[in-house]
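Contents: one structure, followed by commentary.
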Amino acid sequence: MTDATPTPDPEIDEMIPEAPKKRLTRRELEKRRMFLRSVGAGVTLVGLSLVGYFPVLKQLFDRLRPPGALEEDDFLAACIKCGQCVQVCPVEAIKLADGDEGYALGTPYIDARKQACDFSCDAVQCVLACPTGALTHEIARKEEVRMGVARLARPDACLAMKGQGFKGLARGDLFQGMLRYEDIDRWTPMRVADHPYDLEICDLCVRECPITGAISLESVSTDAGDTRRRPVIHDACVGCGTCEMICPAEPAAIVVDAKVTRERVA
Amino acid sequence: MKWFLHAFAMMFGAAPRKPEEGEVTDAARAMMKFKKLPDQVKLRKQRIAEEHEFPVVSNKWRNRRWASIVILNALFIISYWFDVQLVEGALTASRFFGFHMADVFSAAQVMLAFKEVMLNLVIGTATVVIAWWLVGGRAFCSWICPYHLLAEWAEMIHLKLARLGLAKDHVFHRGLRTVLWAVFLALAFFTSYTIYEYINPVGIVSRALIYGPTVAIFWVLFLLGIEVFYSRRFWCRYVCPIGLSYGITGAVSPVQVEYNLELCLHEGECRKVCLVPHVLEVTKMGYASDTFEYIGADCTRCGMCVDACPQGALKFKVRGLDKVI
């Protein structure tokens, strides 16, 4: 404090040149603060970007990926998150994942119960649209797809297993899902809600399956009078989820296990 | 050449500096000497005062640019919603009338993460590199990036708040962007995830516009909040590796903003509006190396300085166009 008063004292005189030095230090301090702030911002941003690891490592989501998807880890690496597959799908089955799915943000998946991939496009358009090969271009026909495999998850809810028929709308009149009814119009998918059924024995999963020989109804006993039938899934099943979408039981008696689920179980 | 390399290095974070003795042309040196004559200084001050009295406000380039951002992003949206196939996809990768386009940084991440060179991506990236080299590299940022438009609005609010003393700009080191660019490419390679895409506001906004909003949009709102209250144009200035990639792409682009030393009054209106003011250091007295000079590689060709300069000392220029015509 007393340094400010001018004195002839040579010791104090020596201290005066320090004053501008101190100012310089202050400027340097500001520079250092800026530098630390920058390091902090960088570390924070990289840290935040790593938050995306959590849902992936914890395997919080088992998404059914579109036809031709690589194994999950490769798929997440190769997908460029552009949504071109979303755009070409005629039944709009493909959705993009949100931020809660970590590094899967922006990657395509199919919620089969809401809208299954029914191969309305015939030639796996999403695969052709994919610019990176995350949906592998090795696939050209729907029969070659392996998205997952169907499984009779709730046999006691299955109408066929109970020997019952089905009359009416498979999913109610508010259901938005579309399906290709080939005998009506080969090229235009129709709303499932516009298409009532009247079946003696419910065979919707077999009837609407787009793949030949993927699923069939088998008798549960040798008794000819027994109307009960079991849906049996064969090796040809591609896991498109049409059976899961059309199943009138709530929740669906038949579900598709995504490829990733099977990878993880195995 | 050395001076050009300095301008290039500035994009990666090097501090601006005055040109050294050998880097200034004789004409520029003579002109600066002339400008420092007392009567010239007086004249310049007088003209600056006149300008401040009758300010000329032009938003010509800004309006064109905003129209460009809106129209180009609308093309993506229209292509999907009306199924007209003009530009399918999002800004990370798309097809323009069937031709593959891929964002340089997104494509680089995917190839590093997947460890395979995909032909379609190489074609798409090459197309994009050539296209953006032609129109000026970071022109991507200011002429198409939807986050840029949001950030411009956030910047307007920030400047208003700053004038009222309610917000203060916090400057970061520009080298941060270079470091993050390298870190995110390395992370893609070592983790096999396209990690940057998780926080990439450009991809998030682009997808939100086309496919509908997601919860991820809150991250973008948070970033805009930072830009409004804490640091002016934080993401575009100090973080975005996409911007740096396009900056490299357009370093020797034919489309440039050209600085005319003779017309310049060195008042700094241009630096006040610029997203990357270090490229306009040449407009400071004694910083120019030539009488005409292209401003640095980091320039987004947004034209704000062209609009802001009352003397017309900064102009868009297509290199070699005069020779062609």
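Go through the range B:280-305 and count every residue that is among the β-branched types (Val, Ile, Thr), open to solvent by less than 20 Å² (accessible area, probe 1.4 Å) and in contact with a helix residue (DSSP H, G or I) (Cβ under 7 Å, 6 or more places away or on another chain). Working first, answer last.
Going through the range B:280-305, the residues among the β-branched types (Val, Ile, Thr) turn out to be B:282-283, B:291, B:295, B:300.
Next, only the ones that are open to solvent by less than 20 Å² (accessible area, probe 1.4 Å) stay: B:282-283, B:295, B:300.
Adding the requirement that they be in contact with a helix residue (DSSP H, G or I) (Cβ under 7 Å, 6 or more places away or on another chain) leaves B:283, B:295, B:300.
So the count comes out to 3.
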- Query: Is it the case that the range B:50-65 has a residue that's in a helix (DSSP H, G or I), in contact with a helix residue (DSSP H, G or I) (Cβ under 9 Å, 6 or more places away or on another chain) and modelled with pLDDT under 90?
  - Reply: yes
- What single numbered condition from (1) under 30 Å from A:Leu70 (Cβ atoms); (2) within 19 Å of the chain's Cα centre (by Cα); (3) of a type in the set (Lys, Arg) fails to hold for B:Arg237? (1)
- Which condition number in (1) farther than 27 Å from A:Val39 by Cα; (2) at the interface with another protein chain (Cβ under 9 Å from one of its Cβ atoms); (3) open to solvent by 10 Å² or more (accessible area, probe 1.4 Å) is the one that B:Leu134 fails? (2)
- Task: Scan the range B:49-96 residue by residue and report those that are open to solvent by less than 80 Å² (accessible area, probe 1.4 Å), under 29 Å from A:Cys130 (Cβ atoms) and of a type outside the set (A, V, I, L, M, F, W, C).
- Result: B:Ser68, B:Asn73, B:Ser79, B:Tyr80, B:Glu88, B:Gly89, B:Thr92, B:Ser94, B:Arg95
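Quick grid of which residues meet (1) away from every other protein chain (no Cβ under 12 Å); (2) under 18 Å from B:Val129 (Cα atoms); (3) charged (D, E, K, R):
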site	(1), (2), (3)
B:His52	yes, no, no
B:Ala67	yes, no, no
B:Ala74	yes, no, no
B:Ile77	no, no, no
B:Gln85	no, no, no
B:Glu88	no, no, yes
B:Ser94	no, yes, no
B:Phe97	yes, yes, no
B:Ser106	no, yes, no
- Query: For the range A:157-202, how many residues are part of a helix (DSSP H, G or I) and more than 24 Å from A:Ala123 (Cα to Cα)?
  - Reply: 3
- Limited to the range B:75-88, what total is found for residues that are out of contact with any strand residue (DSSP E or B) (no Cβ under 6 Å at 6 or more places or on another chain), closer than 19 Å to B:Ile204 by Cβ and of a type outside the set (A, V, I, L, M, F, W, C)? 1
- Within the range B:171-265, helices (runs of 4 or more DSSP H) holding 2 or more residues that are more than 12 Å from chain A (Cβ to nearest Cβ): B:217-229, B:241-249
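Go through the residues of the range B:84-96 one by one and say whether even a single one is among the basic types (Lys, Arg) and in contact (Cβ under 8 Å) with a residue 40 or more places away in the chain. Full working, then the answer.
Initial filter on the range B:84-96 (among the basic types (Lys, Arg)): B:95.
Those left that are additionally in contact (Cβ under 8 Å) with a residue 40 or more places away in the chain: none.
Looking for residues that are among the basic types (Lys, Arg) and in contact (Cβ under 8 Å) with a residue 40 or more places away in the chain, one finds none in the range B:84-96, hence no.
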- Note on the range A:107-146: residues closer than 19 Å to A:Glu71 by Cβ, small (Gly, Ala, Ser) and surrounded by 24 or more Cβ atoms within 10 Å (Cβ to Cβ) are A:Ala134
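Consider B:Thr283 carefully, then state whether it is hydroxyl-bearing (Ser, Thr, Tyr), touching a residue at least 60 places away in the same chain (Cβ under 8 Å) and under 29 Å from B:Lys315 (Cα atoms).
Details: hydroxyl-bearing (Ser, Thr, Tyr): yes; touching a residue at least 60 places away in the same chain (Cβ under 8 Å): no; under 29 Å from B:Lys315 (Cα atoms): yes.
Judged against the criteria, B:Thr283 is not a match.
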- Quick check: anything in the range B:88-104 more than 24 Å from A:Ser38 (Cα to Cα), in contact with a helix residue (DSSP H, G or I) (Cβ under 8 Å, 6 or more places away or on another chain) and part of a helix (DSSP H, G or I)? yes
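Checking the conditions here, which among B:Cys299, B:Cys305 is part of a helix (DSSP H, G or I) and of a type outside the set (Asp, Glu)? Give the derivation first.
Working: B:Cys299 fails: part of a helix (DSSP H, G or I).
Sole residue among the options that is part of a helix (DSSP H, G or I) and of a type outside the set (Asp, Glu): B:Cys305.
Among the residues of the range A:90-109, is there at least one that is assigned to a strand (DSSP E or B), touching a Gly at 6+ places or on another chain (Cβ under 6 Å) and either touching a residue at least 40 places away in the same chain (Cβ under 8 Å) or within 11 Å of chain B (Cβ to nearest Cβ) (or both)? Steps first, please.
Looking only at the range A:90-109, we keep the residues that are assigned to a strand (DSSP E or B), and these are A:94-96, A:108-109.
Still in the running and touching a Gly at 6+ places or on another chain (Cβ under 6 Å): A:96.
From the residues that got through so far, the ones that are either touching a residue at least 40 places away in the same chain (Cβ under 8 Å) or within 11 Å of chain B (Cβ to nearest Cβ) (or both) too are A:96.
Yes, the conditions are met somewhere in the range A:90-109.
Can you pull out every residue in the range B:245-258 that is among the aliphatic types (A, V, I, L, M) and surrounded by fewer than 22 Cβ atoms within 10 Å (Cβ to Cβ)? Give the derivation first.
Taking the range B:245-258 as the starting set, the residues that turn out to be among the aliphatic types (A, V, I, L, M) are B:248, B:251-252, B:255, B:257.
Correct list: B:Ile248, B:Ala251, B:Val252, B:Val255.
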- Unique match (being touching a residue at least 12 places away in the same chain (Cβ under 8 Å), part of a loop (DSSP other than H, G, I, E, B), within 30 Å of A:Glu72 (Cα to Cα) and open to solvent by 20 Å² or more (accessible area, probe 1.4 Å)) among A:Thr227, A:Thr212: A:Thr212
- From the options A:Lys58, A:Lys81, residue that is more than 7 Å from chain B (Cβ to nearest Cβ) and of a type outside the set (A, V, I, L, M): A:Lys58
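Residues are listed down the side, and each one gets a yes or a no for (1) acidic (Asp, Glu); (2) within 14 Å of the chain's Cα centre (by Cα):
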| residue | (1), (2) |
| --- | --- |
| B:Asp169 | yes, no |
| B:Val183 | no, no |
| B:Tyr198 | no, no |
| B:Ile204 | no, no |
| B:Ile217 | no, no |
| B:Glu227 | yes, no |
| B:Gly247 | no, yes |
| B:Val255 | no, yes |
- Task: Output the number of the condition that A:Thr212 fails; it satisfies all remaining conditions of (1) of a type in the set (Val, Ile, Thr); (2) closer than 26 Å to A:Asp62 by Cα; (3) over 25 Å from the mean Cα position of the chain (by Cα).
- Result: (2)
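The values are calculated or read from the model by the stated rules, or taken from the named source; none is laboratory data. Not measured: the values here are computed from a predicted model. Here the Cβ is made from the backbone with ideal geometry for all residues, glycine too, and neighbour counts use every protein chain on show. Only protein heavy atoms, including side chains, enter the accessible area calculation; ligands, DNA and RNA are left aside. Shrake-Rupley method; radii C 1.70, N 1.55, O 1.52, S 1.80 Å.
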